[in-house]
Amino acid sequence: MTKEIVYIGLGSNLATPAAQIHTARQVISKLDSVLEQGFSSLYCSPPMGPQDQPDYVNAVMAIATDLPAIDLLRCLQQIEMDHGRVRKDERWSARALDLDILLYGQHIIDQADLIVPHYGLAKRAFVLYPLHEITPMLNIPGVGDITKLLESCPLDGLVRMTS
Ligand code: ROI
């Protein structure tokens with residue numbers, strides 16, 4: 001298989017969020033067949049969705065991999081579980097670690113448990129700004145240039161963290 005550049009969104013709002021993001025980065029970059037290509041700053045933002053939960057820390061990571069998308073998804077789900085993620089029935093609840101495949105090369109994937117580009121990507125400041133930080137010229141398949149999307153995406157309280 002040829003290597004694809006894959007973008008992963010990382011988010012956490014429980015159990016020392018910045019530490020969750022840092023350890024997730026280390027675990028992902030040590031996976032077989034994965035080479036880290038870039039990692040954004042950490043960003044803090046108020047929760048999108050239910051407001052009765054702590055602020056989030058988010059980041060975006062770029063990797064090169066020849067893992068098929070579905071195998072990568074399974075690896076990321078395992079890492080979420082290892083970080084104490086408890087899947088709840090309640091939609092959009094607080095979580096220790098959320099790992100989303102945002103982009104898988106230029107592929108469009110529409111499977112029962114995997115939709116790529118990620119459905120929230122084009123509108124979420126906490127995804128678009130870190131993504132743009134590491135790849136300013138990115139084209140999002142089926143959607144367009146990231147610079148265009150940013151023009152109509154307010155920060156919504158997103159703040160880049162210094163460390
Ligand atoms: N809100 C923010 N700011 N960041 C997230 O990563 C995030 N993730 C979620 C929901 C609950 C939609 N809200 C979020 O899953």
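Over all projection directions, the Cα-based convex hull of the range 36-163 averages an area of 8.3 nm². What the Cβ-Cβ distance of residue 145 and residue 77 gives, at R0 = 25 Å and to the nearest 0.05, is a FRET efficiency of 0.25. Model label points for residue 23 and residue 37, set 7 angstrom from Cα along the Cα-to-Cβ axis, are 2.8 nm apart.
Given a cut-off of 22 Å, what percent of all Cα-Cα pairs of the range 1-81 lie beyond it? Summing the P(r) of the range 1-81 above 22 Å gives 28 percent of all pairs. Remark: the chain carries 52 Å² of accessible area per residue (probe radius 1.4 Å; ligands, DNA and RNA excluded).
Which is the longest part of the chain that has none of the chymotrypsin sites (Phe, Trp or Tyr not before Pro) sitting in a DSSP loop with at most 12 other Cβ atoms within 10 Å? Each step should come with its number before you reach the end.
Working: sites that count: 92, 119.
That gives 1-91 as the longest site-free run.
Element breakdown for the range 53-138 at a 1.4 angstrom probe: carbon and sulfur atoms account for 55% of the accessible area. The chain: longest stretch without exposed trypsin sites (Lys or Arg not before Pro) (DSSP loop, at most 10 other Cβ within 10 Å), sites themselves excluded? Longest gap between qualifying sites, sites excluded: 92-163.
May I ask you to compute the full-extension gain from residue 107 to residue 161, defined as 0.36 nm times their residue separation minus their alpha-carbon distance, rounded to one decimal in nm?
Values: separation 54, 0.36 × 54 = 19.44 nm, distance 3.13 nm.
Stretched out fully, the residue 107 to residue 161 stretch lengthens by 16.3 nm.
Net charge of the neighbourhood of residue 33, taken over other residues with C-beta under 10 Å away and scored Lys/Arg +1, Asp/Glu -1, is -2.
The values are calculated or read from the model by the stated rules, or taken from the named source; none is laboratory data. As the structure is a computational prediction, the values presented were derived from the model and not from experiment. Every residue, glycine among them, receives a Cβ derived from its backbone with ideal geometry; neighbour counts consider all protein chains shown. Calculation scope for accessible area: heavy atoms of the full protein, side chains included, ligands and nucleic acids excluded. Shrake-Rupley method; radii C 1.70, N 1.55, O 1.52, S 1.80 Å.
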